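Peer 1: I have a structure I would like to understand better, so I am pasting it below and will then ask my questions one at a time.
The values are calculated or read from the model by the stated rules, or taken from the named source; none is laboratory data. Remember, predicted model here, so these are calculated numbers, not experimental data. Here the Cβ is made from the backbone with ideal geometry for all residues, glycine too, and neighbour counts use every protein chain on show.
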Amino acid sequence: MVLTPSRMKKIGSAAPDFNLKDAVSGKNFTLASFSGKKALLVMFICRHCPYVQHIKEGLTRLDKDYRQKDIAIVGISSNDAANYPDDAPDKLKEFAVEQGWKFPFLYDESQDVAKAYEAACTPDFFLYDTNHRLVYRGQMDDSRPGNGKPVTGVDLRKAMDEVLSDKTVSTDQKASIGCNIKWKKGQEPDYFKN
C-alpha cells in the first residue's frame, strides 16, 4: 500500500466524458447520463482499500442523505482487478449491495477514465457544478484509519451543500489521502510517476 494524496486538479476544469458499465445493473453510463442536475459527485473508490473500507458507512449515509437532492453521485473503480480480485466487477457489485448504495458503481477496466480525471488514490472525490466544472476536489473529512476521528463527511458535505445552495465553494480544500490506484503494469500515468 502506497499512501497517496489527491492531485488537486485545477478548479474550473471540465469533467472528462466516460462510458462505463455499472457493476450492479450492467447498464452503461456516460457523463451525459448525469446532466440536468445541479451537481455531480464523482468518487474513485474500490472494495479492497482500507481507506475506502474505513469510510464505507459514511458513503452510505452520504448516499441516503443526498439521494433526493438535486445532485448525482457516481462511484468509479479503476483498480487492476487481475491483481486485486476484490475490485473485480462481481465483487464491486457485492460491496455496493451490502452497503445499500443506490448510486451507479462503474468499472473502469482500461483505467483511461482515472487518467482523464487525474485520480490518484482511493478514495478520491471530484465535485462538479451543473455545467460539469470542477468546484471541489479533496477529502471527505479528516478521519483516517487509526486516527480516532469520526467519519462525518464534513468537508465534502459542506462543498455539496454550497453547490446546491448556489454558493461559491470555498477554495480552502484539503487533499484526500488513501491507497494509490492500482495501475496495470506499465500503465502508470505520467503524473503518477512524478
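Peer 1: From the list Tyr107, Tyr128, Tyr117, which residue is more than 30 Å from Asn83 (Cβ to Cβ), in contact (Cβ under 8 Å) with a residue 12 or more places away in the chain and within 18 Å of the chain's Cα centre (by Cα)? Full working, then the answer.
Peer 2: Values: Tyr107 fails: more than 30 Å from Asn83 (Cβ to Cβ); Tyr117 fails: more than 30 Å from Asn83 (Cβ to Cβ).
On inspection, the qualifying residue turns out to be Tyr128.
Peer 1: List the strands (runs of 3 or more DSSP E) that sit entirely inside the range 8-93 and contain at least 3 residues that are under 19 Å from Cys121 (Cα atoms) and modelled with pLDDT of 95 or more. Give the steps one after another, and end with the answer.
Peer 2: On the way: elements: 19-22, 28-30, 39-44, 71-77.
In the range 8-93, the matching strands (runs of 3 or more DSSP E) lie at 39-44, 71-77.
Peer 1: Oh, and also: For Leu156, indicate whether it is closer than 22 Å to Phe18 by Cα, under 14 Å from the mean Cα position of the chain (by Cα) and at pLDDT 95 or above.
Peer 2: Working: closer than 22 Å to Phe18 by Cα: no; under 14 Å from the mean Cα position of the chain (by Cα): yes; at pLDDT 95 or above: yes.
No: the conditions fail for Leu156.
Peer 1: Here is a follow-up. Restricting to the range 11-32, name every residue that is farther than 23 Å from Lys182 by Cα and in contact (Cβ under 8 Å) with a residue 40 or more places away in the chain.
Peer 2: Listed by number, the residues that qualify are Ile11, Gly12, Ser13, Ala14, Ser25, Lys27, Leu31.
Peer 1: For the range 60-79, how many residues meet the condition of being surrounded by fewer than 17 Cβ atoms within 10 Å (Cβ to Cβ) and either farther than 20 Å from Ser25 by Cα or over 14 Å from the mean Cα position of the chain (by Cα) (or both)?
Peer 2: Counting residues in the range 60-79 that are surrounded by fewer than 17 Cβ atoms within 10 Å (Cβ to Cβ) and either farther than 20 Å from Ser25 by Cα or over 14 Å from the mean Cα position of the chain (by Cα) (or both) gives 7.
Peer 1: Name the residue, out of Lys102, Lys115, that is within 28 Å of Ala14 (Cα to Cα), basic (Lys, Arg) and loosely packed, with under 14 Cβ neighbours inside 10 Å.
Peer 2: Residue meeting the stated conditions: Lys102.
Peer 1: Within the range 69-97, work out how many residues are more than 15 Å from Asn180 (Cα to Cα) and small (Gly, Ala, Ser). It would help to see each step written out before you state the result.
Peer 2: Filtering the range 69-97 down to residues more than 15 Å from Asn180 (Cα to Cα) leaves 69-75, 82, 85-86, 88-97.
Subsequent filtering for residues that are small (Gly, Ala, Ser) retains 72, 75, 82, 88, 96.
Counting residues in the range 69-97 that are more than 15 Å from Asn180 (Cα to Cα) and small (Gly, Ala, Ser) gives 5.
Peer 1: Considering only the range 1-59, how many residues are of a type in the set (Val, Ile, Thr) and either at positive phi or crowded, with 19+ Cβ neighbours inside 10 Å (or both)?
Peer 2: So the first thing to find is which residues in the range 1-59 are of a type in the set (Val, Ile, Thr), and the list is 2, 4, 11, 24, 30, 42, 45, 52, 55.
Applying the additional criterion that residues be either at positive phi or crowded, with 19+ Cβ neighbours inside 10 Å (or both) yields 4, 24, 42, 45, 52, 55.
Of the residues in that region, 6 qualify.
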